[in-house]
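Reading through the structure tokens given below for one structure.
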């Protein structure tokens, strides 16, 4: 296995709960200590980790970048995804929207038509409400599986739109005079499709580009409007 790939996988495994020592990383990666230190220095120069003496740590954003780099080096998607925390994935999305002037709510639970629903992330900035389903899937997915994921998120967004008048205590857009609700899928890595049935499938590290371009493309994306 590529030495850098082995080191990154070790970092993803060990930094989930905070800083970790060079020695533990070296032991987990099973590479010479000198090589380990040299690669860690390189990763720090690339702003993928933070080295403080004998300790190494990585933020949520850095861990996502490390995951994408490991996959680009040939690591198995399932192996890499297993070391990512679900909360990290959602937090990256929420932070990106907040930095762009959106109000964000995570894990909204609601009831519509006698059924319980949950939305991973909702980002609101007039007149748009983005309804995000976070999918750090463990393997390359087939078109039929993506179709099912998109259809499910579209249905979830429709139900959310219908239930919106009852959700004023949970989400800002419920109080607006007019809103466009857009279903979207957030993925760990770029897949074969950028859109499916006009629903965007956005790699998490490209989320800023998506936010920048959203106002220009809002009317051609799948969406639901509510007065």
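Throughout, read-outs are computed from the coordinates displayed, never taken from laboratory work. For clarity, every value in this text was computed on a predicted model and none was experimentally measured. For neighbour counting, all protein chains shown are included, and Cβ atoms are generated from backbone atoms with ideal geometry for every residue, glycine included.
When each of 132, 8, 207, 92 is scored by the number of other beta-carbon atoms lying within 10 Å, the sequence from fewest to most is 207, 92, 132, 8.
Evaluated at q = 0.13, 0.27 Å⁻¹, the base-10 log of the normalised Debye intensity for region 26-92, with identical point scatterers placed on the Cα atoms, takes the values -0.39, -1.33. The relative contact order of region 3-84, computed from alpha carbon pairs under 8 Å that lie at least 6 residues apart in sequence, is 36 percent. Please say if the chain is rounded, prolate or oblate, where rounded means a/c under 1.5 for a ≥ b ≥ c the square roots of the C-alpha gyration tensor eigenvalues, and otherwise the choice is prolate for a/b larger than b/c and oblate otherwise? In terms of gyration-tensor shape, prolate. Taking 160, 89, 195 in turn, the Gaussian network model of the chain (Cα-Cα springs below 10 Å) assigns the largest fluctuation to 195. Exposure proxy ranking for 47, 151, 4, based on other Cβ atoms within 10 angstrom of each Cβ and starting from the fewest, stands as 47, 151, 4. In terms of other Cβ atoms within 10 Å, 72, 103 run from fewest to most in the order 72, 103.
When the chain is treated as a Gaussian network with alpha carbon springs shorter than 10 Å, the biggest mean-square fluctuation among 168, 129, 93 belongs to 168. Its relative contact order, with pairs defined as Cα atoms under 8 Å and 6+ residues apart, puts the chain at 15 percent. For the chain, the mean residue ellipticity at 222 nm estimated from helices alone is -13500 deg cm²/dmol, where every DSSP H run of n ≥ 4 contributes -39500 (n - 2.57) and the total is divided by all residues, rounded to the nearest 500.
With the chain treated as a Gaussian network of Cα nodes joined by springs under 10 Å, which of 217, 102, 196 yields the largest mean-square fluctuation? Highest fluctuation of the listed residues: 217. In units of the compact-protein estimate 2.2 N^0.38 Å, region 1-123 shows a Cα radius of gyration of 1.27. To the nearest ten degrees, helix 86-99 and the longest principal axis of the Cα atoms of the chain are 60 degrees apart.
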